[in-house]
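Colleague: Take a look at this one; I'll ask things after.
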Amino acid sequence: MLTKIVKCSIPTDKKASFSYTQQHWAALAHVNGFIGQLGGWNVEDETDACILALWEDGTTYQEFMKHTHDSIFYKSKQDQTYTNLDVSTSDPSYFIGARYNYYRSSAIESRYLVKTEIEVDFYDKEDIHEMVKSLINPSYRCLSHVVSPIEHSKLVIFSLYGSACPQKTIDTFVHPNVLNASQYIYQLEKNWNVLSN
């Protein structure tokens, strides 16, 4: 599975326009290899938006970028609504179940996305599971996780939560291989949620 992570900086007076143009990506539902996409606003910084997209593999994603992406992007004029946009991809990425074992079920019910960026000196699959378990806030309804290795020394773990906004767990997050970590909480926009048909 490939994940595409988009971080956007949006002026407050362009938020409504950005949100509207983001809905144009509903066209992804019909694209071969597309799994799902969701995103929302940082609860502590209203100018920060995060979008997470999942694809079956790098081949289908590259086909989309080559043949479909630009027609959606430029038709919506989304490039006129933000001041900065950072895109990174991770292949392979991993889905880890919690309350749900499938992304689709999680995406339908999710209201909050917790993004944890982790710098490590070394990790393996066992370390990933330990880190994910340590990041879960047991007081809230955690639905599932997506783990995206960005570089050999950087991981991004996305945790999907249900109706209540979870508190951060970064202060209690401890792992011997972790050098640094930061955490952000996003309230998801229902109209940005796209699932494959």
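Colleague: Given the criterion out of contact with any helix residue (DSSP H, G or I) (no Cβ under 9 Å at 6 or more places or on another chain), in a helix (DSSP H, G or I) and under 25 Å from T47 (Cα atoms), identify the matching residue among D70, D127, D79, D86.
Modeller: Numbers: D127 fails: under 25 Å from T47 (Cα atoms); D79 fails: out of contact with any helix residue (DSSP H, G or I) (no Cβ under 9 Å at 6 or more places or on another chain); D86 fails: in a helix (DSSP H, G or I).
The match here is D70.
Colleague: Still on this structure, please answer the following. I'd like the residue in the stretch 69-104 that is within 15 Å of the chain's Cα centre (by Cα) and of a type in the set (S, T, Y) and, out of all such residues, is surrounded by the fewest Cβ atoms within 10 Å (Cβ to Cβ).
Modeller: The selected residue is S88.
Colleague: For the stretch 94-120, enumerate the residues that are over 17 Å from A164 (Cβ atoms) and in contact with a Pro (Cβ under 9 Å, 6 or more places away or on another chain). Break it down stepwise before answering.
Modeller: Of the stretch 94-120, the ones over 17 Å from A164 (Cβ atoms) are 94-97, 101-105, 107, 115-120.
Passing the criteria: only Y94.
Colleague: All but one of (1) touching a His at 6+ places or on another chain (Cβ under 7 Å); (2) under 30 Å from T12 (Cβ atoms) hold for I96; state the number of the condition that does not hold.
Modeller: Every listed condition holds for I96 apart from (2).
Colleague: Now for a different question. Somewhere in the stretch 100-115, is a residue touching a helix residue (DSSP H, G or I) at 6+ places or on another chain (Cβ under 7 Å) and touching a residue at least 12 places away in the same chain (Cβ under 8 Å)? Please lay out each step first, then the result.
Modeller: The first filter runs over the stretch 100-115 and keeps only residues touching a helix residue (DSSP H, G or I) at 6+ places or on another chain (Cβ under 7 Å), leaving 100.
Filter once more, so that each one left must be touching a residue at least 12 places away in the same chain (Cβ under 8 Å): 100.
Yes, because at least one residue in the stretch 100-115 is touching a helix residue (DSSP H, G or I) at 6+ places or on another chain (Cβ under 7 Å) and touching a residue at least 12 places away in the same chain (Cβ under 8 Å).
Colleague: Next question, about the same structure. Mind checking which residues of the stretch 142-197 are buried (at least 17 other Cβ atoms within 10 Å of the Cβ), of a type in the set (S, T, Y), more than 20 Å from Y94 (Cα to Cα) and in contact with a helix residue (DSSP H, G or I) (Cβ under 9 Å, 6 or more places away or on another chain)?
Modeller: Correct list: T169 only.
Colleague: Also: When C50 is evaluated against the numbered criteria (1) in contact with a helix residue (DSSP H, G or I) (Cβ under 9 Å, 6 or more places away or on another chain); (2) assigned to a strand (DSSP E or B), which criterion, by number, is the only one it fails?
Modeller: Of (1) in contact with a helix residue (DSSP H, G or I) (Cβ under 9 Å, 6 or more places away or on another chain); (2) assigned to a strand (DSSP E or B), only one is false for C50: (1).
Colleague: Still on this structure, please answer the following. Can you run down the residue pairs with Cβ atoms below 7 Å, 6 or more apart or on separate chains, where the first is in the stretch 12-31 and under 15 Å from N193 (Cβ atoms) and the partner is aliphatic (A, V, I, L, M) and not in a helix (DSSP H, G or I)?
Modeller: Matching pairs, first to second residue: W25/V194; A26/V194; L28/V194; A29/V194; A29/L195.
Colleague: Of all residues in the stretch 163-185, which are in a loop (DSSP other than H, G, I, E, B) and touching a Ser or Thr at 6+ places or on another chain (Cβ under 6 Å)?
Modeller: To start, the set of residues in the stretch 163-185 that are in a loop (DSSP other than H, G, I, E, B) comprises 163-169, 173-177.
Residue satisfying the conditions is F173 alone.
Colleague: Checking the structure you have, find out if any residue of the stretch 116-138 is within 30 Å of S17 (Cβ to Cβ), surrounded by fewer than 17 Cβ atoms within 10 Å (Cβ to Cβ) and modelled with pLDDT under 95.
Modeller: So far as the stretch 116-138 goes, no, none of its residues is within 30 Å of S17 (Cβ to Cβ), surrounded by fewer than 17 Cβ atoms within 10 Å (Cβ to Cβ) and modelled with pLDDT under 95.
Colleague: Can you tell me which of A26, A107 is small (G, A, S), surrounded by fewer than 20 Cβ atoms within 10 Å (Cβ to Cβ), out of contact with any Ser or Thr (no Cβ under 6 Å at 6 or more places or on another chain) and not in a strand (DSSP E or B)?
Modeller: Numbers: A107 fails: surrounded by fewer than 20 Cβ atoms within 10 Å (Cβ to Cβ).
A26 is the lone residue from the list that is small (G, A, S), surrounded by fewer than 20 Cβ atoms within 10 Å (Cβ to Cβ), out of contact with any Ser or Thr (no Cβ under 6 Å at 6 or more places or on another chain) and not in a strand (DSSP E or B).
Colleague: Another one. Considering Y82, Y61, which residue is in contact (Cβ under 8 Å) with a residue 60 or more places away in the chain and of a type in the set (S, T, Y)?
Modeller: Answer to the selection: Y82.
The values are calculated or read from the model by the stated rules, or taken from the named source; none is laboratory data. Quick caveat, the model's predicted, so the values are computed rather than measured. When we count neighbours, we look across all protein chains shown, and the Cβ atoms used for this are built from the backbone with ideal geometry, even at glycine.
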